[in-house]
Structure formats: C-alpha cells, structure tokens
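Asker: Quick one: this structure, given as structure tokens, is what I'll be asking you about.
The values are calculated or read from the model by the stated rules, or taken from the named source; none is laboratory data. The shown structure was predicted, so the numbers you read here are calculated from the model rather than taken from an experiment. No Cβ is skipped: glycine too gets one built from the backbone with ideal geometry, and neighbour counts run over all protein chains shown. Each accessible area value is taken on the protein alone, full model and side chains, heavy atoms only, with ligands, DNA and RNA left out. Shrake-Rupley method; radii C 1.70, N 1.55, O 1.52, S 1.80 Å.
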Amino acid sequence: LVYVVLLALFYLTLTFGVVYTGRVLYREARLSRMKTDFVSLVSHELRTPVTSIRMFIETLALGRVQDPAQTREVLRLLTQETERLSTLIERVLDWSRIESGRKEYNPETLLVTDVVETAVAAFRAQRLEGDLKLSVQVPIPPPPVHVDRVAIAGALLNLLQNAYKYSREDKRISLTVRTVRRWVELTVEDHGVGIARRDHRRIFERFYRVDNLLTRRTEGSGLGLAIARRIVEAHGGHITLQSELGKGSRFTIQLPVEKV
Ligand code: ADP
C-alpha cells in the first residue's frame with residue numbers, strides 16, 4: 001500500500017510539475033507576443049501620422065501650394081493628423097497609468113445626464129464625416145451616479161467612436177440610458193459590421209483588434225475597450241457586449257445607482 005501511495009504521489013507531483021511549467025511557459029510566450037504586438041502596433045500607428053505631418057509641412061515650406069483654399073486644406077489635414085497623434089499618445093499614457101495603478105479618480109455624485117452630455121458633446125465636436133444619426137434617450141428624472149465624470153464620459157465616448165468607426169454606410173447610433181434595479185445601464189447600439197462570438201472576450205484585451213478589412217483600414221490602438229473596461233470596473237460596474245457578425249453591436253456600461 002505504501003508503495004502504491006508513493007507511486008501515486010510521484011505521478012501527481014510529476015503531472016502538477018508538467019502542467020505548471022506548461023502554464024508558466026504559455027504565459028511567458030503570451031506576454032512576449034503582447035510586447036511584440038505593442039511595439040509593432042505603436043510604431044506603425046505613431047509613424048503614420050508623423051510621416052503625414054512631415055509631408056504636409058514640407059508641402060507648405062516649399063511653397064508647393066499657392067491657392068489660399070488649398071493652403072487651408074493642408075492646414076486642416078495637419079491639425080487632424082496632430083490630433084490623431086496626440087490621442088494615441090494619451091491612450092498609451094492612460095493605459096500605462098491604469099496598469100501601474102497610478103490612475104486617480106475623483107468621483108462625485110451627479111446625474112447621469114452630466115456624463116452623457118459630456119460624452120455626446122465631445123463626440124459631436126469631432127466633426128465626423130458621413131451621415132451620422134445619433135439618438136439619445138435618458139429617463140426623466142435621470143438617475144444619480146457616483147463617478148469620475150471625465151473618466152466615465154471618456155469610456156462612453158470610446159463606445160460612441162467605435163460604433164461610428166465600425167459602421168459602414170448605415171451610421172445610425174443610439175445611446176439609451178435605463179435604470180434596471182440598482183444599476184444604471186448606458187447602452188450604445190450600432191448597425192455596423194458586428195463582432196464574431198469568438199472575439200467577444202478578446203476585444204477587451206489590450207492591443208487586440210479584430211482582423212478584418214474595416215479594422216485594418218481604421219485607425220486604432222486596440223486600447224480603447226481595455227481602458228474603458230478598467231475604468232468602469234474601478235467604479236464597481238461592468239461592461240458587456242451583445243453582437244452578431246454583420247448585424248451590429250450593443251455595448252452596455254452598467255454602473256451602480258447612487259442612493260440619495
Ligand atoms: P481600436 O478601435 O482602437 O482598435 P478598441 O479597444 O476600442 O480599439 O476595440 C478593439 C477592437 O474591437 C476594434 O479594433 C474592433 O475590431 C472591435 N470593435 C470595437 N467596437 C466595435 C463595434 N462597435 N463594432 C464592431 N467591432 C468593434
């Protein structure tokens with residue numbers, strides 16, 4: 001019997017060892033792949049606007065455009081590329097603050113409309129091209145929440161920007177606020193390309209972008225949803241997704257209702 005027990009223990013230790021080593025190796029490989037992804041993504045996404053900015057400056061400096069209208073257009077593109085670059089830098093810095101636990105929140109009790117209006121104003125200020133139709137519905141009276149307005153509005157803005165970016169011609173987007181028991185739900189729905197079931201979990205991981213034509217053509221860092229999820233979770237909330245490929249997506253931010 002002692003022999004059998006010893007043998008069983010030996011095999012158990014061996015199996016545990018193999019499984020454990022396997023898991024450590026897998027984690028290491030995953031981390032190293034993520035770092036490579038990070039470097040290649042950031043270098044590509046950073047290089048593109050810098051190249052364009054340099055080109056536009058050269059165009060102006062060499063006096064290649066004389067017409068005032070054309071000059072204005074080059075300046076507009078220059079501003080657009082600079083904004084793109086600074087958004088990307090902000091995203092990377094934001095993510096690193098979150099990851100290292102340095103991100104600070106200043107929560108206050110406010111009506112959910114304050115958050116919605118901040119996000120919608122920033123969204124509309126982006127002068128988006130195409131036929132955007134945004135509908136916003138908030139219950140009356142709006143429920144109170146205890147949140148960092150800037151941070152939660154930023155997460156909501158990211159959902160609105162994604163809804164727009166990943167829609168083709170049909171740019172109908174709706175933002176609906178509801179109170180469900182002790183939760184305030186902010187839902188952003190689009191009629192865009194949708195997300196396949198297998199990607200539902202992964203799109204919230206940092207740097208993950210779905211591999212399709214539209215994503216490849218659209219600028220992005222793969223950090224937006226990872227940041228949004230961390231912000232919402234830091235407020236005791238959740239972010240969920242319902243989506244069907246080719247039909248559209250519905251992202252919901254759930255936040256605890258503030259008792260007043
Ligand atoms: P980014 O948009 O910068 O790539 P995100 O973290 O915001 O990064 O999103 C990750 C990926 O999830 C996107 O690259 C895109 O493939 C997919 N995605 C996000 N939102 C939507 C949406 N509303 N419809 C379809 N795909 C989406």
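Asker: Any idea how far apart E83 and T179 come out in nm if each label point goes 7 Å out from Cα toward Cβ?
Answerer: With each label point 7 Å from Cα toward Cβ, the separation is 3.6 nm.
Asker: Between L25 and E205, how high is the FRET efficiency from 1/(1 + (r/R0)^6) when r is the Cβ-Cβ distance and R₀ = 25 Å? Nearest 0.05.
Answerer: 0.80
Asker: Using label points projected 7 Å from each Cα along Cα→Cβ, tell me how many nm separate S43 and V18, to one decimal.
Answerer: With each label placed 7 Å out from Cα toward Cβ, I get 3.9 nm.
Asker: Also, I was wondering about something else. Give a quick list of chymotrypsin sites (Phe, Trp or Tyr not before Pro) in the range 56-151 that DSSP marks as loop, anything other than H, G, I, E or B, with at most 15 other Cβ atoms within 10 Å.
Answerer: Y105
Asker: Arranged from highest to lowest average of other beta-carbon atoms within 10 Å per residue, in what order do the peptides 165-175, 188-198 appear?
Answerer: Numbers: 165-175: 16.7, 188-198: 18.3.
Sorting 165-175, 188-198 by mean packing, highest first, produces 188-198, 165-175.
Asker: Run the 1.4 Å probe and let me know the accessible area of S43, rounded to the nearest 10 Å².
Answerer: Accessible surface of S43 is approximately 40 Å².
Asker: Please identify, among L12, L213, L75, the residue showing maximal mean-square fluctuation in a Gaussian network model of the chain using a 10 angstrom Cα cutoff.
Answerer: Of L12, L213, L75, the most mobile in the Gaussian network model is L12.
Asker: Compute a Gaussian network model of the chain, connecting alpha carbons closer than 10 Å, and tell me which residue from T79, T48, T113 fluctuates the most.
Answerer: Checking each option, the largest mean-square fluctuation is seen for T79.
Asker: What does the accessible area of E108 come to, in Å² to the nearest 10, when a probe of 1.4 Å is used?
Answerer: Only protein atoms counted, so the area is about 90 Å².
Asker: Using the heavy atoms of the protein chains alone and a 1.4 angstrom probe, what is the accessible area of the range 1-82 per residue in square angstrom?
Answerer: About 82 Å² of surface per residue is accessible.
Asker: Calculate for the chain the 222 nm mean residue ellipticity that helices alone would give, adding -39,500 (n - 2.57) per DSSP H run of length 4 or more and normalising by residue count, nearest 500 deg cm²/dmol.
Answerer: -18500 deg cm²/dmol
Asker: Work out, step by step, the length gained on full extension between A61 and R102: first 0.36 nm times the residue separation, then minus their alpha carbon distance; give nm to one decimal.
Answerer: Values: separation 41, 0.36 × 41 = 14.76 nm, distance 4.18 nm.
My answer for the length gained is 10.6 nm.
Asker: Also, I was wondering about something else. Accessible area per residue for the range 120-243 in Å², computed with a 1.4 Å probe and the full protein assembly in place, what is it?
Answerer: For the range 120-243, the per-residue accessible area is 52 Å².
Asker: Using a 1.4 Å probe on the protein chains only, how many percent of the accessible area of the chain belongs to carbon and sulfur?
Answerer: 57 percent
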